[in-house]
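Worksheet: one structure, shown below.
The values are calculated or read from the model by the stated rules, or taken from the named source; none is laboratory data. Here the structure is a predicted model, which is why all the values come from computation and not from measurement. Neighbour counts are summed over all protein chains in view; Cβ atoms, including those assigned to glycine, are modelled from backbone coordinates with ideal geometry.
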Amino acid sequence: MTAAASHPPLGPFDDPVCGCCGQQLPQANLTELGKTPGVFICGRCARWAARRLHTWTGLHLPRLRWPALLRARAHRAHTPMSAAIPILPVRDLQRTEAFYRRIGLQATFHHPDYLIMRAGPVELHFGREPDPVPASCYVDCDDARRLWKDFHARAIEGLGEVEDFDYGMREFVLTDPDRNRLRFGSTITQP
């Protein structure tokens, strides 16, 4: 099926939107993704994607995650919500900050009962509670095995084993001092 058959042609006043950020731009300022007809990406998002690649071999986007991610971000422009950020309950914010600094997060906000830490686009919030009930969250990463090896080499406490799952993901669990579980995962692209 051709792109013209699967997607109606754009009219003279119908500018396409970037499938990544949702910004509506003239078609001249967007590039149509070769293997996904009808999905466009702006130069800013293309540069962002290129910076996230570890080796520059052209814009190679993993097959399993990117089409869904692009569709999800395109729909985001039509909703007032833009992100979901977990608030993990903890007993001691200083101990929590020290633990998460060891895995690469930096504190961006301090309050006596609240802490925000981030590493690139990943943001975690922590709320101080006297008797915290453990929670969990999922952290998408580029290469779970490489990240696991890095954590293992630095003797990070609470590190589980890395596993490959039949649903196409490679994952491991990291348990923090308050028993919160972070599941790190990436699409399996190599054995």
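Can you confirm whether Gly185 is exposed (fewer than 15 other Cβ atoms within 10 Å of the Cβ) and under 26 Å from Cys21 (Cα atoms)?
No.
What strands (runs of 3 or more DSSP E) lie completely within the range 78-191 and have 1 or more residues being under 30 Å from Gln24 (Cα atoms), over 19 Å from the mean Cα position of the chain (by Cα) and in the same structural domain as Cys21 (by TED's automatic domain parsing)?
Correct list: empty, since no element meets the threshold.
Conditions (1) touching a strand residue (DSSP E or B) at 6+ places or on another chain (Cβ under 7 Å); (2) modelled with pLDDT of 95 or more; (3) of a type outside the set (Gly, Ala, Ser), marked per residue:
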residue	(1), (2), (3)
Pro130	no, no, yes
Asp140	yes, no, yes
Gly158	yes, yes, no
Val162	yes, yes, yes
Tyr167	no, no, yes
Leu174	yes, yes, yes
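List every residue pair whose Cβ atoms lie under 6 Å apart, where the two residues are 6 or more positions apart in sequence or sit on different chains, the first residue falls within the range 140-167 and is on the phi > 0 side of the Ramachandran plot, and the second residue, located anywhere, is surrounded by 13 or more Cβ atoms within 10 Å (Cβ to Cβ).
Pairs that qualify, where the first residue is on the phi > 0 side of the Ramachandran plot and the partner is surrounded by 13 or more Cβ atoms within 10 Å (Cβ to Cβ), are Gly158/Leu174; Gly158/Thr175.
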